[in-house]
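Here the structure comes first, spelled out in structure tokens, and everything after it is commentary.
Bear in mind that the values in this text are calculations on the coordinates, not laboratory data. Nothing here was measured: the structure is a model prediction, and the numbers come from that model. Neighbour counts run over all protein chains shown; Cβ positions are idealised from the backbone, glycine included.
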């Protein structure tokens, strides 16, 4: 007779079920802790999450309700042409930019009033570009970030939402 068969008229004894409750509770507590920690970090460190969460719950209205409902204001700058130093073989760059501002400027001709100051800041930077700095996607991202930084210094902090390169030609 084999050991798995019951002897005589005895009923087989079932092995007691394994206790998994402790492991399951520990795993569940870990998942809840991670989700809570992630939500707390987002609440603390991601801008606007706390305000949006309060608005969804109904505690208070968002502070920037006027800024959310207002359409973005774009100022198109005239095209700039720059000669880039290229190890003795100069290259030409033609670039056209559009500025997305957080709030409108007082008058419609403000783009023309603003452009000489922006031109001065941007041309000083563009004339220092070296060979290969603008080539490729990463170079274009760096160019855009540097241009954004310089324009933000001119228009003031909080005024510039984005800088768009609408046209770029290197020859």
* **Ordering of 160-169, 28-37 by burial proxy (mean other Cβ atoms within 10 Å per residue, highest first)** => 160-169, 28-37
* Chain lengthening between residue 161 and residue 42 when straightened (0.36 nm per residue, less Cα-Cα) -> 40.7 nm
* Kindly put 54, 21 in sequence by how many other C-beta atoms sit within 10 Å of each C-beta, fewest to most. => 21, 54
* To do: Could you work out the Rg to Rh ratio of the range 71-170, with Rh taken as the Kirkwood radius (inverse of the mean 1/r over all Cα pairs)?
  => 0.98
